[in-house]
Amino acid sequence: MSRQGFSIIGKALPKIDAMAKCTGETRYADDLHFSRMVYAKLLRSPHPHALIRAIRTERALSLEGVYAVITGRDLPVRYGISPATEDEEALASEKVRFVGDPVAGVAAASETVAEKALGLIDVDYEPLRPVLSVEEALVAEGELRIHSWNRRANIQKAVSFEFGDVEQGFEQADHIFDETFFYEGNTHLPMEQYCAVAFYGPDGKLTLWSSTQTPHYLHRALSKVLGLPMSRIRVIATPVGGGFGGKSEPFSHEICVAKLSMITGRPVKITLTREECFYVHRGRHPVKMRIKTGVKSDGTLQAMHFQSFLDGGGYSSYGLATVYYTGALQTVVYKLPGYKFEGVRVFTNKPPCGPKRGHGTPQPRFAVEVHLDAIAEKLGMDPIELRLKQLVEPNTVTVNGLRITTTGLRECIERLAAKAEWKKKFRQLPYGQGIGFASSAYISGAGLPIYWNDMPHSGVQIKLDRGGGITAFCGSIDIGQGSDSILAYVVAEEFGVDPADVRVVTADTDLTPVDLGSYSSRVTVMTGNAAIQACRKLKDTLLRAAADALEIPADDLEFAEGKVRCRSFRDRAISFVECVQKAEAKFGTLGAMGSYRPPKHPANYRGSGVGPTPAYSYSASIVELRCDADSAEVKVDKVWIAHDCGRAFNPLLVEGQVEGSVYMALGEALMEEQVFRKSGLHKLPSMLDYKSPTALEMPEVETILVETNDPEGPFGAKEAGQGPLLPVIPAVTNALYDAIGVRIHEIPITPDKVLRALEGRLKPVSVPSFEFPPPIRWQPGEGVEVQQKS
């Protein structure tokens, strides 16, 4: 047994798919090939905003090698990831809303023929003036309305909440600080491009293989748009070569290849080009923010008023949730007696934005942490001391009704500060060198499903065969984060066997129980808990068989080292294989199901569904950097990152996730941005032009794992895949201030902004003037019950 009585949990083991990926055996969607397969391409709009007057496909259909051409008339049913905002068409029929909006699809003998056929499709557009900023969107009317279903201008959603006595908090404050910030949008940039293969067989059943993070939601969308029963559709999520949130909803190319296969009776494949990926991506929202905070002279927070203005692009995507996420989690890091949040998401004629690692939370975390650093400076306080005095406590409920279970943030900060020699370096380094700090929290899965229901969020089925093999079936998909390995580790730990003896079958809607998908850092907690439940049902059966065979009470038996053995006399044992055989002989074929749904959240106001989670992870980061005052180039020398992961299933994998988050955060902080020309065209739609860090820009990273053994997590685990990104970006910003004495309130921090800041020419971020709806008011204690899990 390893530490704390575990045999598998806590060990640094290779991922179960590591060798297949290292040797090139893993088959991604674009590796799939079937006999008689044809290839699809989509014709995309060159205009950001235009009416479609006519589409003529005759010339394309007459081209040799073309098997089918489809338009919006073939797929008229609207869809979307959220049932409340289904505003997308697989192919636009009347109007295009961004450059890249698809209008027609072709299936042909080769990609070359399909590409040629696209040039033979004639589309008559009536261009409309595009709306390309939040400010324009808030006042646009008439033909500048991008959608007609929403009530006001180009506003998708505007929300307002007030928790605690905000007015009293500001009145009691000794100081009030008011600042504005801007966080530019960016993309996920996965190595693997979007790809899907569909085959509609002679039996009238459709199979779709796709690089998707959410096979269950894709399954539902295909049924809705194609008019097929879900029982006749099979979705298989292929191994995903990078997702980061960008593949977590149904996409038009997936629906189009399915329709084209239904028409042709052939397998149809589509692989998007890299340029297409920049338009399809559903990346990070550009967000403007305003923060007003009241504090006592000793730095104690009294009240905060936070506003966010989100540029959502052409469609809703996950935007309904995103606008809430920009405000919901401010309260789970530091105690806030009074908190007001106002947020609005608008439509613009740019590619739709959606979830990217940390969905909706990196933008406000950047603003809040830089804001707190400035407050500490003005109050003459150490920024770490200001934060330490008001961290949230475990087993409490926040002012907006979010339930905190465990928090290791204090330990994260204290260990981090010691490692980085914070006291020795802060405000002590030479000009041009600086050190900065920030902290954060993130969810371990959303508390509610996207379409509300009372069903489990995750299910796991375990099958034992008489040779001792164990198969775990689950609908979750491994997107590189190691969820297949987590499933194998849980099962191996429960049965006392080697993970190599566990076969994992995932993400096949015909074979596996439903799991809602790999998003919101939900899989470890939800799939892990479901797997434990399934295993323990089977363990009861196995122990009864072993107890009879060994003539030992079942409560004195344990699973360990590939055996079922007596706890008191370990030499009295039978092998796991023999135990399975005896149990099958006694009870029949062995299998069990487990499922998981998160605990109910305590708050009951409208809008309280975004923010709750089984458990919050916590992170803190210190960044040391240097900035050349002449070139304004910023070079990060070292990043210290501490993360409260509950319990590290596999420290090696957790560290990999943490360091991957650091890499992505540095890219967002210093160089990555999705920017568009006035024509709506992307300025940088290639990996050559879109700047992202390489190995040369990656600094040394020192990772500290803090374990808090959360009662809601499987074996105490919490998330590790997204939360560590959040504190790094503001830590970079705060370190830059320490280095050169100027604060930059915009992300990314590019050399031109640094130079303008040094010269006093960097203008403050402007936020729109907007009348938010009257706030929903909620006081702590209304419908709240804090329950501690035993």
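The values are calculated or read from the model by the stated rules, or taken from the named source; none is laboratory data. Owing to the predicted nature of the structure, the values given are computational and were not obtained by experimental measurement. Heads up, the Cβs are rebuilt from the backbone with ideal geometry, glycines too, and the neighbour counts pull from every protein chain shown. Keep in mind that these areas ignore ligands, DNA and RNA; they rest on the heavy atoms of the full protein, side chains included. Shrake-Rupley method; radii C 1.70, N 1.55, O 1.52, S 1.80 Å.
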> Taking segment 751-774, which residues are among the hydrophobic types (A, V, I, L, M, F, W, C), part of a loop (DSSP other than H, G, I, E, B) and out of contact with any His (no Cβ under 9 Å at 6 or more places or on another chain)?
Replying inline: V767, F770, F772
> Restricting to segment 581-623, what's the tally of residues that are among the polar types (S, T, N, Q) and farther than 24 Å from P775 by Cβ?
Replying inline: 6
> For residues in segment 252-266 being among the hydrophobic types (A, V, I, L, M, F, W, C) and crowded, with 24+ Cβ neighbours inside 10 Å, which is farthest from A196 (Cα to Cα)?
Replying inline: L260
>> I'd like to check something: does segment 662-671 contain any residue that is open to solvent by 10 Å² or more (accessible area, probe 1.4 Å), within 30 Å of I9 (Cα to Cα) and at pLDDT 95 or above?
In response: yes
> Which is more than 30 Å from A615 (Cβ to Cβ) and buried (at least 17 other Cβ atoms within 10 Å of the Cβ), of A757, A720?
Replying inline: A757
>> If I go through segment 391-418 residue by residue, how many of them are open to solvent by 10 Å² or more (accessible area, probe 1.4 Å), within 28 Å of F161 (Cα to Cα) and not hydroxyl-bearing (S, T, Y)?
In response: 7
> Using beta carbons and a limit of 8 Å, which pairs, at least six apart or on different chains, have the first residue in segment 534-548 and without any contact (Cβ under 8 Å) to a residue 12 or more places away in the chain and the second one buried (at least 21 other Cβ atoms within 10 Å of the Cβ)?
Replying inline: A547/L557
>> Can you tell me which condition H305 does not meet? The list is (1) out of contact with any strand residue (DSSP E or B) (no Cβ under 9 Å at 6 or more places or on another chain); (2) not β-branched (V, I, T); (3) not assigned by TED's automatic domain parsing to the domain that holds L75, and all the others hold.
In response: (1)
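Rundown of residues vs (1) out of contact with any helix residue (DSSP H, G or I) (no Cβ under 9 Å at 6 or more places or on another chain); (2) assigned by TED's automatic domain parsing to the domain that holds G201, yes/no style:
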| residue | (1), (2) |
| --- | --- |
| Y67 | no, yes |
| D87 | yes, yes |
| V96 | yes, yes |
| L138 | yes, no |
> Given the conditions (1) in contact with a Cys (Cβ under 6 Å, 6 or more places away or on another chain); (2) over 25 Å from L218 (Cα atoms), which single one is not true for A29?
Replying inline: (2)
>> Between E659, E719, E702, which is in a loop (DSSP other than H, G, I, E, B), assigned by TED's automatic domain parsing to the domain that holds K425 and touching a strand residue (DSSP E or B) at 6+ places or on another chain (Cβ under 7 Å)?
In response: E719
> Which one is nearest to P351 (Cα to Cα), of the residues in segment 45-76 that are open to solvent by less than 20 Å² (accessible area, probe 1.4 Å) and within 34 Å of the chain's Cα centre (by Cα)?
Replying inline: P48
>> Being of a type in the set (G, A, S), open to solvent by 10 Å² or more (accessible area, probe 1.4 Å) and touching a Phe, Trp or Tyr at 6+ places or on another chain (Cβ under 7 Å) is the requirement here; does G327 meet it?
In response: no
>> Within segment 378-397, take every residue that is in contact with a Phe, Trp or Tyr (Cβ under 8 Å, 6 or more places away or on another chain) and touching a residue at least 60 places away in the same chain (Cβ under 8 Å) and give me the one that is nearest to T300 (Cα to Cα).
In response: Q390
> If you take the residues in segment 448-478 that are out of contact with any strand residue (DSSP E or B) (no Cβ under 9 Å at 6 or more places or on another chain) and not hydroxyl-bearing (S, T, Y), which one is modelled with the lowest pLDDT?
Replying inline: W452
> Can you name the number of the only condition in (1) under 37 Å from the mean Cα position of the chain (by Cα); (2) open to solvent by 20 Å² or more (accessible area, probe 1.4 Å); (3) β-branched (V, I, T) that T85 fails?
Replying inline: (2)
> Does S485 satisfy the condition of being touching a residue at least 24 places away in the same chain (Cβ under 8 Å), open to solvent by less than 30 Å² (accessible area, probe 1.4 Å), of a type in the set (S, T, Y) and not in a strand (DSSP E or B)?
Replying inline: yes
> Does at least one position in segment 741-757 carry a residue that is β-branched (V, I, T), touching a residue at least 40 places away in the same chain (Cβ under 8 Å) and over 21 Å from H285 (Cβ atoms)?
Replying inline: yes
>> Among the residues that make up segment 502-523, is at least one of them over 21 Å from Y217 (Cα atoms), out of contact with any Phe, Trp or Tyr (no Cβ under 7 Å at 6 or more places or on another chain) and either among the small types (G, A, S) or outside the structural domain of K563 (by TED's automatic domain parsing) (or both)?
In response: no
>> Could you tell me how many of the residues in segment 549-573 are touching a residue at least 24 places away in the same chain (Cβ under 8 Å) and of a type in the set (D, E)?
In response: 2
>> Going by what's in this entry, would Y596 be described as hydroxyl-bearing (S, T, Y), farther than 29 Å from F341 by Cα and open to solvent by 30 Å² or more (accessible area, probe 1.4 Å)?
In response: no
>> Can you find, within segment 200-246, the residue that is most open to solvent (accessible area, probe 1.4 Å) among those that are basic (K, R) and out of contact with any Asp or Glu (no Cβ under 9 Å at 6 or more places or on another chain)?
In response: K205
>> So the check is Cβ under 8 Å with 6+ separation or different chains; which pairs have a first residue in segment 255-275 that's on the phi > 0 side of the Ramachandran plot and a second one that's modelled with pLDDT of 95 or more?
In response: G265/Y200; G265/P202
> So which residues in segment 89-123 are open to solvent by 10 Å² or more (accessible area, probe 1.4 Å), farther than 22 Å from G265 by Cβ and charged (D, E, K, R), if there are any at all?
Replying inline: E89, E94, K95, R97, E115, K116, D122
> Out of S308, S297, which single residue is open to solvent by 10 Å² or more (accessible area, probe 1.4 Å), outside any helix (DSSP H, G or I) and of a type in the set (G, A, S)?
Replying inline: S297
> Which residue pairs have Cβ atoms under 6 Å apart, sit 6 or more places apart or on different chains, and have a first residue in segment 658-681 that is hydroxyl-bearing (S, T, Y) and a second that is open to solvent by less than 50 Å² (accessible area, probe 1.4 Å)?
Replying inline: S661/P724; S661/L725
> Among the residues of segment 21-30, is any charged (D, E, K, R), farther than 30 Å from A500 by Cα and either touching a helix residue (DSSP H, G or I) at 6+ places or on another chain (Cβ under 9 Å) or open to solvent by less than 60 Å² (accessible area, probe 1.4 Å) (or both)?
Replying inline: no
> Does at least one position in segment 736-750 carry a residue that is part of a helix (DSSP H, G or I), open to solvent by less than 60 Å² (accessible area, probe 1.4 Å) and of a type in the set (F, W, Y)?
Replying inline: yes
